[in-house]
Amino acid sequence: MENLNISFLSLISLFVPLLMMGISIFYAYKRMSTEAILLVIGSVIVFLTSVFFMFMPYLVYSRNMDTTLTSLYYSVAGTIAFIGSLLFAIGFFMLVLTVIRQSGGADTKKL
């Protein structure tokens, strides 16, 4: 791993997934619910796959991996990231619906 030169700019790409994971964990700590669990699970999966995608080129380079194996790893990681994003989106949608229902304003449409 002598070529592990990760720049500050590449680490910035982890800021948003890390921020979303922190916010989700804080929300789950304050109010444990189904949407909070979905938000936490989804954000953790997205963060971990983001870390994987950042370090994967170094792993490919250091191990001289075959293109077929590399594409398989990227495909599996992409599918896992999609599932994490989907879980986060479902949890966020459920949170929005909960907030709308709790506000109970007369001017809001029934969903």
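Does Ile45 meet the test of being within 15 Å of Leu87 (Cβ to Cβ) and in contact (Cβ under 8 Å) with a residue 24 or more places away in the chain?
yes
Can Tyr29 be described as part of a helix (DSSP H, G or I) and exposed (fewer than 14 other Cβ atoms within 10 Å of the Cβ)?
Yes.
For the stretch 45-102, how many residues meet the condition of being modelled with pLDDT under 85 and of a type in the set (Lys, Arg)?
The number of residues fulfilling the criteria is 1.
So that you can scan it fast, the table gives a plain yes or no per residue for (1) in a loop (DSSP other than H, G, I, E, B); (2) farther than 30 Å from Leu97 by Cα; (3) open to solvent by less than 50 Å² (accessible area, probe 1.4 Å):
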{"position": "Met20", "(1), (2), (3)": "no, no, no"}
{"position": "Ile23", "(1), (2), (3)": "no, no, no"}
{"position": "Leu39", "(1), (2), (3)": "no, no, yes"}
{"position": "Val44", "(1), (2), (3)": "no, no, yes"}
{"position": "Val51", "(1), (2), (3)": "no, yes, yes"}
{"position": "Leu69", "(1), (2), (3)": "no, yes, no"}
{"position": "Tyr74", "(1), (2), (3)": "no, yes, no"}
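Do we find that Phe93 is over 15 Å from the mean Cα position of the chain (by Cα), open to solvent by 70 Å² or more (accessible area, probe 1.4 Å) and not aliphatic (A, V, I, L, M) in this structure?
Spelling it out, Phe93 is indeed over 15 Å from the mean Cα position of the chain (by Cα), open to solvent by 70 Å² or more (accessible area, probe 1.4 Å) and not aliphatic (A, V, I, L, M).
Can you say whether Ile25 is over 18 Å from Ala81 (Cα atoms) and hydrophobic (A, V, I, L, M, F, W, C), as far as the supplied structure shows?
It is true that Ile25 is over 18 Å from Ala81 (Cα atoms) and hydrophobic (A, V, I, L, M, F, W, C).
The values are calculated or read from the model by the stated rules, or taken from the named source; none is laboratory data. Everything numeric in this text was worked out from a predicted model, so none of it was measured. Here the Cβ is made from the backbone with ideal geometry for all residues, glycine too, and neighbour counts use every protein chain on show. Calculation scope for accessible area: heavy atoms of the full protein, side chains included, ligands and nucleic acids excluded. Shrake-Rupley method; radii C 1.70, N 1.55, O 1.52, S 1.80 Å.
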